[in-house]
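Structure first, then comments.
The values are calculated or read from the model by the stated rules, or taken from the named source; none is laboratory data. On a predicted model such as this, the values are computed, not experimentally measured, just so you know. Note: ideal-geometry Cβ built from the backbone for every residue, glycine included; neighbour counts use all protein chains shown.
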Amino acid sequence: METTIQVTCFAGLRKFFNCPLTINLKLPTAYEDVLLEMKKVNPEASEILDSCRIAVCESFVPRTALMTSDEPLFIIPPSSGG
């Protein structure tokens, strides 16, 4: 089943994407496939996307876990404190 996923980006990712971003994917698929699609949209974001975490329903999910619904995703880049 093909579905549209809404992706919200945070921090430095916002300079690479107009968020919220919508991505069409066939489900089920791994969450990391969303990052691969984002790299196609903007290859310049590849390096930072490799370090990002994915959250769904206020919880981080493993990249290899299967996405089975069209829940909104949140892509969170690494950050450093001060």
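What to note about this one:
- Subset of region 16-42 (residues that are touching a Pro at 6+ places or on another chain (Cβ under 9 Å) and modelled with pLDDT under 95): Pro20
- Test: Leu13 is farther than 22 Å from Ser79 by Cβ and at pLDDT below 95: no
- Within region 12-31, the set of residues being within 17 Å of Arg53 (Cα to Cα), of a type in the set (Ser, Thr, Tyr) and within 12 Å of the chain's Cα centre (by Cα) comprises Tyr31 only.
- All of Glu37, Glu2 fail the test of being touching a strand residue (DSSP E or B) at 6+ places or on another chain (Cβ under 7 Å) and in contact (Cβ under 8 Å) with a residue 24 or more places away in the chain, apart from Glu2.
- Matching residues in region 64-75 - criterion: being modelled with pLDDT of 95 or more, surrounded by 12 or more Cβ atoms within 10 Å (Cβ to Cβ) and assigned to a loop (DSSP other than H, G, I, E, B): Ala65
Conditions (1) surrounded by 11 or more Cβ atoms within 10 Å (Cβ to Cβ); (2) of a type outside the set (A, V, I, L, M, F, W, C); (3) free of Cβ contacts under 8 Å to residues at least 24 places away in the same chain, marked per residue:
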residue: Val7; (1), (2), (3): yes, no, no
residue: Arg14; (1), (2), (3): yes, yes, yes
residue: Glu32; (1), (2), (3): yes, yes, no
residue: Val41; (1), (2), (3): yes, no, no
residue: Ile48; (1), (2), (3): yes, no, no
residue: Cys52; (1), (2), (3): yes, no, no
